[in-house]
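Data first, discussion second: the structure below is written as structure tokens.
The values are calculated or read from the model by the stated rules, or taken from the named source; none is laboratory data. Computed from a predicted model, the values in this text were never measured in an experiment. Cβ coordinates were reconstructed from backbone atoms using ideal geometry, including for glycine residues, and neighbour counts include every protein chain displayed. Ligands, DNA and RNA are excluded from the accessible area calculation, which covers all protein heavy atoms including side chains. Shrake-Rupley method; radii C 1.70, N 1.55, O 1.52, S 1.80 Å.
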Amino acid sequence: MLSPFIKKLGISYSVVLVTILATFLSFGISSSINFLRTGSLLSYTSVNAVIIPLILTPLIAVSFFRVLFQLDEVSHKLEELSNTDELTKVHNRRYFFGKLNQEFSRAKRYNQVFSIIMIDVDDFKLVNDEFGHPVGDELLIVLARLCRDKSREVDEFARIGGDEFAYLLPGLDQQGAEAFADRLRLLLSKHELTHRDTAIHITVSIGVISWTPEHENINDMLIQLDAALQQAKATGKNKVATNTDPLLTR
């Protein structure tokens, strides 16, 4: 990966910088050798030591930096692909849990609260069975787009399973996360897909948990979060459940 400094300079300015450095280095070495041999800093070789790098360095550096920038772009695209869910184009499970580990470490060190929201599509299997997997895929794509559009810049949203999605919400406490989750639930419940003149409504069950100093590891949080999600589904679906409040319904 290229350094931020080189990226900011770009190819043209990087070539200029390398040429200047190469010229000064060549002149310095030539002058030092000449001084040791003759006691004089300047000679005809000093002129060559300036001219040659001024001609050769840009020719070599242009090709070098072009390849370097192309490799960096390819590397960036490959990294982005490895972190992106192929169907919905949001982040995938691998990316999400990497960010979750970072956020958990930050919370433990600085006592900074964060919340996790887990979303499960209600009766998704029935949609696939009745309308077919292409319609189920379209439903997931629409849901992902709606959720992503509601994300703050600091939030992380990802597809972590077949019909399961999750939010990582830095700086958001339990109350704020519950309110956000319920707004999201209402938004999705008002949306529908149309397939051959049949309206397909989207409802979701959502589990919410917020970090507290009592959470010793991420697994503790995830176990409570999954329990909250299962509670929302077991008590009627289209609901938000939390790890502290028995049930939040609207």
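Looking at the stretch 135-193, I'd like the Rg to Rh ratio, where Rg is from alpha-carbon atoms and Rh is Kirkwood's inverse mean 1/r. Each step should come with its number before you reach the end.
Values: Rg = 11.8 Å, Rh = 12.2 Å.
That ratio equals 0.97.
Measuring with a 1.4 angstrom probe and ignoring ligands and nucleic acids, Phe97 comes out at about 50 Å² accessible.
Within the chain, helices built from complete DSSP H runs that reach 20 Å or longer along their own axis (Cα positions) and carry a mean Kyte-Doolittle hydropathy of 0.0 or higher are 4-38, 44-82, 133-149, 218-234. Within the shell defined by Cβ-Cβ distances under 10 Å, the residues around Gln112 carry a net charge of +2, with Lys and Arg each +1 and Asp and Glu each -1. Sort out the exposed loop GluC sites (Glu not before Pro) in the chain (DSSP loop, at most 11 other Cβ within 10 Å) and tell me the longest stretch that has none. Longest site-free region, per DSSP loop and neighbour criteria: 1-85. Legend: Rg and Dmax of the chain, from Cα coordinates, 28.8, 94 Å. Accessible area per residue (1.4 Å probe, heavy atoms of protein chains only) ranks Asp137, Asp149 as Asp149, Asp137, with the largest value leading.
What is the packing order of peptides 167-173, 233-239, 115-121, taking the mean over residues of other C-beta atoms within 10 Å and listing the highest first? Before the final figure, lay out each step's value.
Working: 167-173: 20.0, 233-239: 15.7, 115-121: 24.7.
Ranking, from highest mean packing down: 115-121, 167-173, 233-239.
Only protein heavy atoms count here; under a 1.4 Å probe, Val67 has an accessible surface of about 80 Å².
The mean sequence distance of close C-alpha pairs (under 8 Å, at least 6 residues apart), as a share of the length of the stretch 26-142, puts its relative contact order at 12 percent.
Taking R0 as 22 Å, what FRET efficiency do you get between Thr212 and Gln102 from their Cβ-Cβ distance, rounded to the nearest 0.05?
Details: r = 18 Å, r/R0 = 0.83.
So, using R0 = 22 Å, E works out to roughly 0.75.
Quick one: which of Lys125/Lys237; Lys190/Lys237; Lys77/Lys125; Lys8/Lys77; Lys99/Lys233; Lys99/Lys237 span more than 24 angstrom between C-alpha atoms?
Numbers: Lys125/Lys237 14 Å; Lys190/Lys237 15 Å; Lys77/Lys125 33 Å; Lys8/Lys77 19 Å; Lys99/Lys233 27 Å; Lys99/Lys237 28 Å.
The pairs that break the limit, which is 24 Å between Cα atoms, are Lys77/Lys125; Lys99/Lys233; Lys99/Lys237.
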